[in-house]
Amino acid sequence: MTTRFPSGNEIMRKWFLVDASGQTLGRLASRVASILRGKENPQFTPFMDTGDHVIVINAEKIRVTGLKAEQKMYRHYTGFPGGLREEEFKKLFARRPDRIIQQAVLGMLPKNKLGRAMGKKLKVYKGDKHDHAAQKPASLVLNERP
C-alpha cells in the first residue's frame with residue numbers, strides 16, 4: 001500500500017474567528033495551536049503545514065488563573081551583553097494584551113521553519129475589530145469549563 005500525501009495546492013485552508021472573552025489563556029492557546037498545526041484536519045501530516053488561519057479578538061478580556069497575574073514574567077534577550085529584558089505580566093497585559101496570546105500560542109508550535117510558517121497564520125487583535133472580513137471567517141466556539 002502507498003500513503004498519499006496532500007500537495008501544497010490541495011490543502012484548502014479555512015479561516016476561524018475566536019473570541020477570547022472570558023477564556024483561560026493556556027486552554028485557548030492550546031486549542032488555537034492545534035488548529036494552526038492542522039491536527040483537527042483529516043489530512044494532518046506532521047511534516048507539512050496543513051493548518052488553518054485563526055483570528056483571535058478581544059485579547060484584553062483573557063483571564064489567567066492562580067497567581068500568574070502577579071508572578072509571571074516575560075523575558076527576551078536583545079542580543080547585546082547585559083541585554084536580558086524582563087517585563088511583568090501585568091505591565092505587558094496593560095500595554096500589549098495581544099502579544100501575551102501570541103507568545104502563548106507560538107510557544108506551543110514547533111521551533112523550526114515549519115512552526116514559523118504556522119505562526120504566521122495567527123492574527124491577534126486587542127478589540128473586537130479585525131481586518132479580515134473579506135476572508136469570511138467562521139466563528140469558532142471553544143469549550144470552556146465553568
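Across region 28-56, the qualifying residues are those that are over 11 Å from the mean Cα position of the chain (by Cα) and under 26 Å from Lys129 (Cβ atoms), and the one among them that is surrounded by the fewest Cβ atoms within 10 Å (Cβ to Cβ) is Asp52. For region 86-138, taking the residues that are among the aromatic types (Phe, Trp, Tyr) and either out of contact with any Phe, Trp or Tyr (no Cβ under 8 Å at 6 or more places or on another chain) or surrounded by fewer than 11 Cβ atoms within 10 Å (Cβ to Cβ) (or both), the one that is nearest to Thr65 (Cα to Cα) is identified as Phe93.
May I ask you to list the residues in region 39-56 that are under 16 Å from Val18 (Cα atoms) and in contact (Cβ under 8 Å) with a residue 60 or more places away in the chain? I'd like the intermediate steps shown before the answer.
Residues of region 39-56 that are under 16 Å from Val18 (Cα atoms), as a first pass: 40, 51-56.
Answer for region 39-56, where residues must be under 16 Å from Val18 (Cα atoms) and in contact (Cβ under 8 Å) with a residue 60 or more places away in the chain: Gly51, Asp52, His53, Val54, Ile55, Val56.
For region 73-81, the criterion of being without any contact (Cβ under 8 Å) to a residue 60 or more places away in the chain and of a type in the set (Val, Ile, Thr) is met by at least one residue. None of Leu28, Leu84 is among the hydrophobic types (A, V, I, L, M, F, W, C), without any contact (Cβ under 8 Å) to a residue 24 or more places away in the chain and touching a strand residue (DSSP E or B) at 6+ places or on another chain (Cβ under 9 Å) except Leu84.
Values quoted throughout were computed directly from the atomic coordinates according to the rules given, and no laboratory measurement underlies them. Note that the structure is a prediction, hence the values are computed from the model and not measured. With ideal geometry, Cβ positions are generated from the backbone for all residues, glycine too; neighbour counts draw on all protein chains shown.
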